[in-house]
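Notes follow once the structure below has been shown.
Every read-out reported here was derived from the displayed coordinates using simple, explicitly stated rules and does not represent laboratory data. Only a predicted model underlies this, so the values are computations on that prediction, with no experimental measurement involved. Methodologically, a virtual Cβ is constructed for each residue, glycine included, from the backbone with ideal geometry; neighbour enumeration extends over all protein chains shown.
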Amino acid sequence: MKYQFLDVGFTYRSLKEEMDAAVRGVLDSGIYIGGEPVAAFETAFADYCGANHCVGVGNGLDALVLALRAYGIGAGDEVIVPANTFIATWIAVAQVGATPVPVDADPATMNIDLAAIPAAITDRTKAIMPVHLYGAPVPHETLQDLARQHGLVLIEDAAQAHGAQVGKARTGTLGHVAGFSFYPGKNLGAFGDGGAVVTDNAELADRIRMLGNYGSREKYNHESVGYNSRLDPLQAAMLSVKLPMMDAWNAQRRRIASIYSAALDGAPGLTLPSVAEGTEPVWHLYVLRHPRRDALKEALAARGVATGMHYPIANHRSGAFADSFASASFPVTEEICQTCLSLPIGPHLSEDDARAVADLVNTAAHDIATVETL
Ligand SMILES: *Cc1c(COP(=O)(O)O)cnc(C)c1O
């Protein structure tokens with residue numbers, strides 16, 4: 001493919017010397033769990049988000065699981081989740097023994113439909129887990145009002161939205177607690193698995209650290225059936241090298257997104273992503289919709305443009321959840337699954353690349369429209 005969808009090696013190549021030195025530093029230190037590199041990254045990432053505390057964990061899924069566990073959410077409890085999200089959001093809820101209660105997507109933003117949340121709240125609801133999907137933050141005023149009125153916890157799934165803002169507030173500060181992922185393809189990606197929980201609540205952070213360390217605050221004393229989920233110091237050291245560059249990389253994503261949105265406006269059959277008022281997305285993904293998505297995907301592949309689908313199978317139709325949701329229907333999400341196509345985006349692409357990709361998408365969309373009218 002001439003235009004790669006993603007190039008996770010790009011960030012390493014652009015910071016190779018610093019990154020190699022950081023890795024050597026950890027190897028030379030003789031400390032391979034925890035230690036200064038983890039503490040330093042936790043402080044830097046909490047500062048970046050504008051939050052008081054960050055706890056490094058093994059991955060983004062664990063970040064969500066630990067946040068739920070720290071609030072004592074489990075069997076018999078319900079957690080409101082978006083129908084349209086990566087399956088990890090649902091799995092986190094299911095893993096603690098609680099029930100995910102999906103709410104369909106807003107057709108404009110493809111994020112959770114805020115207006116539909118109240119109808120999903122029951123006596124068993126303990127938390128709302130909004131997902132800032134594709135890097136587009138969910139505005140938090142309505143969510144915070146609902147959480148206050150019903151005594152619910154607000155857990156952000158910020159795995160796709162490092163640095164995204166609502167007004168001046170960054171993700172990680174929009175709810176009570178947030179889970180981040182540093183999976184290599186995310187906006188801030190490690191070189192293996194990694195994740196973090198971010199919160200202003202000192203007691204909660206302490207509890208999450210305890211749970212992620214075999215339920216132990218001090219050696220030999222295990223107060224809870226916890227997990228082994230800790231951020232690796234090698235990953236932490238490399239993430240600290242990358243963090244200062246992230247805003248520049250996110251800015252490049254924004255430039256690419258605005259090139260796409262300007263160039264593709266009015267192209268036949270395309271629905272372009274729209275941005276909720278007052279929000280600053282970080283464009284983890286640029287997801288457009290087309291009724292003949294598969295034809296468009298094939299036409300682009302033939303022209304050297306790699307694309308993705310986020311996501312082609314709805315969670316309630318996946319093997320993991322189909323039995324529990326056999327009679328459920330989330331029409332907007334189902335429509336997104338059929339029509340979504342993600343264009344290449346990321347710091348590996350130049351603005352010229354983005355213009356070239358947009359031209360190829362335009363041509364392909366016109367070709368499909370022409371064939372249809374013949
Ligand atoms: C990536 C992702 C996760 C899980 O992160 P991992 O580090 O892969 O465990 C959770 N939620 C969303 C929305 C994601 O995109």
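Annotations
- Under Karplus coefficients 6.51, -1.76 and 1.60, residue-wise ³J(HN,Hα) of the stretch 212-224 in Hz, glycine/proline x: x, 10, 6, x, 10, 9, 9, 3, 6, 10, 10, 8, 8
- Alpha-carbon centroid distance for the pair the stretch 44-119 / the stretch 187-211, whole angstrom: 14
- Table column - 3J(HN,Hα) (Hz), the stretch 119-133, Karplus curve with 6.51, -1.76, 1.60, x for Gly and Pro: 5, 8, 7, 10, 5, 8, 5, 10, 8, 10, 10, x, 10, 7, 6
- Cα long-axis angle, helix 233-242 against the chain (0 to 90 degrees, to the nearest 10): 50
- Helix-only CD estimate at 222 nm, as mean residue ellipticity for the chain, using -39500 (n - 2.57) per DSSP H run (n ≥ 4): -12000 deg cm²/dmol
- In degrees, nearest ten, helix 293-302 long axis to first principal axis of the chain (Cα): 80
- Square roots of 5 times each gyration tensor eigenvalue, C-alpha, the stretch 168-263, largest first, Å: 33, 16, 10
- A DSSP coil position with no more than 10 other Cβ atoms inside 10 Å describes the following trypsin sites (Lys or Arg not before Pro) in the stretch 132-217: K168.
- Phi to ³J(HN,Hα) by Karplus 6.51 cos²θ - 1.76 cosθ + 1.60 over the stretch 20-36, Hz, x for Gly, Pro: 4, 5, 5, 5, 4, x, 5, 4, 5, 5, x, 10, 10, 10, x, x, 4
- Between P137, L114, G319, the Cα set farthest toward the positive side of the dipole of the chain (charges on each charged residue's Cβ, about the Cα centre) is that of G319.
- Size estimate for the chain follows the Kirkwood approach: the inverse of mean 1/r over distinct Cα pairs works out to 21.3 Å.
- Neighbour-count ranking [beta-carbon atoms within 10 angstrom, fewest first] of F182, F325, F330: F325, F330, F182
- For K186, the lysines whose Cα comes closer than 24 Å to its Cα, not counting residues fewer than 8 places off in the same chain, are K2, K16, K168, K242, K297.
- Spatial offset of the stretch 213-247 relative to the stretch 275-290 amounts to 31 Å, using the alpha carbon center of each.
- Taking E203, E42, E18 and counting other C-beta atoms within 10 Å, the order from fewest to most: E203, E18, E42
- Bridges between two residues of the chain, per DSSP, are antiparallel at a rate of about 60%.
- The ranking of L231, L360, L68, L272 from fewest to most other beta carbons within 10 Å of each one's beta carbon is L272, L360, L68, L231.
- Relative to the compact-globule estimate of 2.2 N^0.38 Å, the Cα radius of gyration of the stretch 85-207 comes out at 1.02.
- Distance from the alpha carbon centroid of the stretch 324-356 to that of the stretch 153-184 works out to 20 angstrom.
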